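Asks: First, the structure itself, so that you have it in front of you.
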Amino acid sequence: MPLYLNNDDQERTTSISEAIEAMERMLRQFTRGDAIRRPRIDNYLPSTREGEFFCFSSMEGGSRAPGYYALRIKPDIVSWPRVDGRVRRQNYAVQPGLYGGLVLLYDTDNAEFLALLNDGHVQHVRVAATAALGVRYMAKAGSRVLGMIGSGGMARYFAMAIKAVRPIERVQAYGLHRVRLEKYCGEMAARLGCEVVPCSSPAEAANHADIISLCTNSQEPVIEPEYIRPGIHITNVLTTELSAKAFARIEVVGLLARRTPMSTAGYVDDDYAGIRGSAMSYVGGQPAERDKVPLYPRNADRYPNAKYVDCVNAITGEPYRRERAEEITTLATNSNGVLEGETGPSSGFQGLQFAAVAGAMYESARRMGIGTKLPSEMFLQDIPT
């Protein structure tokens, strides 16, 4: 019998540490060829309001073992206004403050529909858990100070995930809105059990940090290159949060999975608009309207001074070991951990991340008796399709 798991249900079922382990198990399947994902694709149509588009985003993936397949769908009204001096991506469903994303989970052995999840909690967990794997293998073992840029949802989950893999004793947080920042610091100090202090600038947040975590929705850089000191590990949600000069500071880039860089060169379809926003995109409307969907900032040499390494050797299981304590490290392609080629974040394995985390939540929910049971007949029929 399928389960409906709302965001509160999900949070009760699975800890961030459990999600990290589920993600790592699924990635082992991926590296062996026993898991699959379909890249993220966004479809845009102009709305009746100037500068706003309906965007339907989807991504999917699954594995042979433990046998979960997930489809994440995300309907949004999106726009790119300038807020507090920076261009930001804003989205909502129906009205500002509401969101309509869902995750559908299936059994790969018999195609049974297993669970329906709101995508808010699982989305934050899957991004943070993947970034935490990068921290586990790339950041200095004794990292104790986290510099956090941002004070929203992602900043909360990233701090929890990083604390799960490193002995963080102090979080130095900066956000544009002081009231929201102070609330974040109070909540996270209680949740993490360590010092969480508000900072007056990104520079202050990055000062003496072992790890810098960028968790904003900014379409423009949020830190200066000089804030990236020797020995730091960087995590970021969006590629746009770092400038070309900041990327040039990075010396070692970790890969969670070795994949051939994805390419759409030569692909032709009338509505295909290349990499827009942050993914492979199809855009409807008139030419002037289509041009309003931002192009993804392509960079054929994203990390010009870096070497690529495997976070974990697929054959021996040995983790990456720093050659020098001063190495500046990051995880490839935001928190996706693969080479991006020309296709931006679409080259990642987001769909597989949803299968890993949603699958772990479903298993825990079944054991704990959490969730709303749905009648199986709602999702089965006797007419072949």
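Asks: Is it the case that some residue within region 316-335 is in contact with a strand residue (DSSP E or B) (Cβ under 7 Å, 6 or more places away or on another chain), part of a helix (DSSP H, G or I), modelled with pLDDT of 90 or more and over 21 Å from Ser57 (Cα atoms)?
Replies: no
Asks: A further question on this structure: What tally of residues in region 345-381 results from selecting those that are outside any loop (DSSP other than H, G, I, E, B), over 19 Å from Gly120 (Cα atoms) and touching a Leu at 6+ places or on another chain (Cβ under 8 Å)?
Replies: Final tally of qualifying residues: 3.
Asks: Another question, then. For region 257-284, what are the residues that are at pLDDT 95 or above and within 20 Å of Thr330 (Cα to Cα)?
Replies: none
Asks: Determine the pairs where a residue that is at pLDDT 95 or above, located within region 91-105, has a partner that is surrounded by fewer than 10 Cβ atoms within 10 Å (Cβ to Cβ) with Cβ atoms under 8 Å apart, the partner being 6 or more residues away or on another chain.
Replies: As it stands, the answer is Tyr92/Leu98, since those pairs meet every condition given.
Asks: Now a separate question. Suppose we filter Gly254, Gly274 for residues that are free of Cβ contacts under 8 Å to residues at least 24 places away in the same chain, in a strand (DSSP E or B) and under 22 Å from the mean Cα position of the chain (by Cα); which single one remains?
Replies: Step by step, each of Gly254, Gly274 is checked, and only Gly274 is free of Cβ contacts under 8 Å to residues at least 24 places away in the same chain, in a strand (DSSP E or B) and under 22 Å from the mean Cα position of the chain (by Cα).
Asks: Which fully enclosed strands (runs of 3 or more DSSP E) of region 1-108 have 3 or more residues being of a type in the set (A, V, I, L, M, F, W, C)?
Replies: 35-46, 53-63, 68-79, 102-107
Asks: With the condition being without any contact (Cβ under 8 Å) to a residue 12 or more places away in the chain, I'd like the helices (runs of 4 or more DSSP H) fully within region 152-215 carrying at least 3 qualifying residues.
Replies: The qualifying helices (runs of 4 or more DSSP H) are 178-192.
The values are calculated or read from the model by the stated rules, or taken from the named source; none is laboratory data. Keep in mind it's a predicted model, so treat the numbers as computed, not measured. Cβ sites come from the backbone with ideal geometry, for glycine too, and all protein chains shown count toward neighbours.
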